[in-house]
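Peer 1: Input: one structure, supplied below.
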Amino acid sequence: MQATVPVSSSLHTTSTAADPTALSTQTNNMALVPAPPSETPLFAEVDMCSDSSATTVRATVIQASTVFYDTPATLDKAERFLAEAAGYGSQLVVFPEAFIGGYPRGSSFGATIGSRTAKGREDFRKYHASAIDVPGPEVDRLAAMAGKYKVYLVMGVIEREGYTLYCTVLFFDSQGHYMGKHRKVMPTAVERIVWGFGDGSTIPVFGTPIGKIGAAICWENRMPLLRTAMYGKGIEIYCAPTADSRDTWQATMTHIALEGGCFVLSANQFCRRKDYPPPPEYVFLGVEEDLTPDSVVCAGGSVIISPLGTVLAGPNYDGEALISADLDLGEIARAKFDFDVVGHYSRPEVLSLTVRDHPTNAVMFTSASAKTEASRK
């Protein structure tokens, strides 16, 4: 049975944990990370436990909104959620797409074909200022958080490289080390106005003691060849930060879990109009006049799904929440018994994929010695 549990004035979630004390006891028996000292939990958790006799990993997806145009405040908010997740014994925590830097929902940046407005250019300047450099001080702080709370951290950010922005996922280990990043290879529709394109050099799958972890962002999860590349790297815990809260997203997540024989962890923001700056500073194009401060502009839908297509936790559409499940890693082998998409169920002599996984750069320089030789001619 599920119950809606109010956790603060505007934060709600559903919970299947009937007895919080029992949950705490189970966490200790599983030898997961101990909860750091804390006061009363800020957020309730959605939890569904797997067979405790199998190797398990407790994973949490965070459903919460960015503090738009305020990256330091967003980092503070991320740490509060991370501390809460660690308190529940989570070993892996996944945040939504563009959590650091913000998802510019409803904004056109003043762009139409053949024209850009002065306000749109200023909107981009502010958005650029909210993004983070990788590496950079914000990355260092995120690494320190992962180490402090002893969790593997998967964080959606807006990455700034010069004056180009990328929708990126950063990966950190539980010792506080930055492992690497994935840049979204194909921004969707108007996203292409403000985000650059990732290349094949940032499609990592990281081998860790809790499983092989990777990520694809929002609608690039619909790209069959990208998914196949990740399956080819042996992904076991497939993270899918997103901005899509529609019902159809759930079908996509279930399909990937079944196709890849992997756990799928999808994290989305839950946002109301008041989570963005008010008009005229920030305008939801075409719908602003219909919105109130409490209007939901992104309803969440964060979910965790098993390799056999079973929904373990979520989807949650109620508010900001921690949504957790214990992942029985034995389910991967059970699922791949009859369908291993890049193994015994593949036909490489008929269908195969080549991935160009080298960096692509607009400008490349030869070696210093070659440049010196050229200058003498």
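Coordinate-derived values only; no laboratory data. All of these numbers come straight from a predicted model, not from anything done at the bench. Positions of Cβ are backbone-derived with ideal geometry, glycine not excepted, and every protein chain shown enters the neighbour counts.
Peer 1: Please compute the length gained on full extension between Glu281 and Asp70, using 0.36 nm multiplied by the number of residues separating them and subtracting their Cα-Cα distance.
Peer 2: Extra length available between Glu281 and Asp70 comes to 74.5 nm.
Peer 1: Hey, another quick one. Find how much the distance from Ser115 to Met364 grows on full extension, using 0.36 nm per residue of separation minus their present alpha carbon separation; answer in nm with one decimal. Present the calculation step by step, with values, prior to reporting the outcome.
Peer 2: Details: separation 249, 0.36 × 249 = 89.64 nm, distance 3.16 nm.
Using 0.36 nm per residue and subtracting the Cα-Cα distance, I get 86.5 nm.
Peer 1: Still on this model: Modelling each spin label as a point 7 Å along the Cα-to-Cβ direction, I'd like the Asp133/Leu353 distance in nm, to one decimal.
Peer 2: With each label point 7 Å from Cα toward Cβ, the separation is 3.5 nm.
Peer 1: If you don't mind, there's one more thing I want to ask. Restricting to DSSP loop positions (anything but H, G, I, E, B) with no more than 12 other Cβ atoms inside 10 Å of their own Cβ, which trypsin sites (Lys or Arg not before Pro) remain in the range 185-259? Could you put the intermediate results ahead of the total?
Peer 2: Values: sites: Arg192, Lys212, Arg222, Arg227, Lys233, Arg246; in loops: Lys233, Arg246.
Taking the range 185-259 and a limit of 12 other Cβ atoms within 10 Å, the loop trypsin sites (Lys or Arg not before Pro) found are Arg246.
Peer 1: Moving to a separate point now. Between Glu289 and Arg222, what is the label-to-label distance in nm when each label sits 7 Å out along the Cα-to-Cβ direction?
Peer 2: Once both label points are built, they end up 3.0 nm from each other.
Peer 1: Please state, rounded to one decimal and in Å, the Kirkwood hydrodynamic radius that the range 175-243 gives when every pair of distinct Cα atoms enters the mean of 1/r. Kindly include the intermediate steps, with their values, before the conclusion.
Peer 2: Details: mean 1/r = 0.0784 Å⁻¹.
It is 12.8 Å.
Peer 1: Continuing with the same structure: Sequence neighbours fewer than 8 away in the same chain don't count; with that in mind, list the lysines whose C-alpha is under 21 Å from Lys233.
Peer 2: In chain and number order, the partners are Lys181, Lys184, Lys212, Lys336.
Peer 1: Another question about this same structure. Are there chymotrypsin sites (Phe, Trp or Tyr not before Pro) in the range 253-355 that DSSP puts in a loop and that have at most 13 other Cβ atoms within 10 Å, and which ones? Don't skip to the answer; put the middle values down first.
Peer 2: Values: sites: Phe263, Phe270, Tyr282, Phe284, Tyr317, Phe337, Phe339, Tyr345; in loops: Tyr282, Phe284, Tyr317, Phe337, Phe339, Tyr345.
Answer in residue order: Phe337, Tyr345.
Peer 1: What is the ratio of the Cα radius of gyration of the range 190-345 to 2.2 N^0.38 Å, with N the residue count, to two decimals? Walk me through the numbers on the way to the answer.
Peer 2: Working: Rg = 17.5 Å, N = 156, 2.2 N^0.38 = 15.0 Å.
Here the answer is 1.17, to two decimals.
Peer 1: For the range 117-274, what is the charge dipole size about the Cα centre, in debye to the nearest 20, if Lys and Arg each add +1 at the Cβ and Asp and Glu each add -1 at the Cβ?
Peer 2: Values: 20 positive and 15 negative charges, 91 e Å.
Rounded to the nearest 20 debye, it is 440 debye.
Peer 1: Considering only C-alpha atoms, what is the centroid distance from the range 123-137 to the range 147-162, in Å?
Peer 2: What the calculation gives is 14 Å, centre to centre.
Peer 1: Quick one: compute a quarter of the convex hull surface over the Cα atoms of the range 142-208 and quote it in nm².
Peer 2: So the mean shadow area of the Cα hull is 4.9 nm².
Peer 1: Please state the charge dipole magnitude for the range 218-296, taken about the Cα centre, from unit charges on C-beta atoms (+1 on K and R, -1 on D and E), reported in debye and rounded to the nearest 20.
Peer 2: Dipole of the range 218-296, to the nearest 20 debye: 340 debye.
Peer 1: Let me ask another. Quick one, what does Rg over Rh come out to for the range 93-226 if you take C-alpha atoms and the Kirkwood Rh? All intermediate terms of the calculation are to be shown ahead of the outcome.
Peer 2: Numbers: Rg = 15.6 Å, Rh = 15.6 Å.
Taking Rg over the Kirkwood Rh, I get 1.00.
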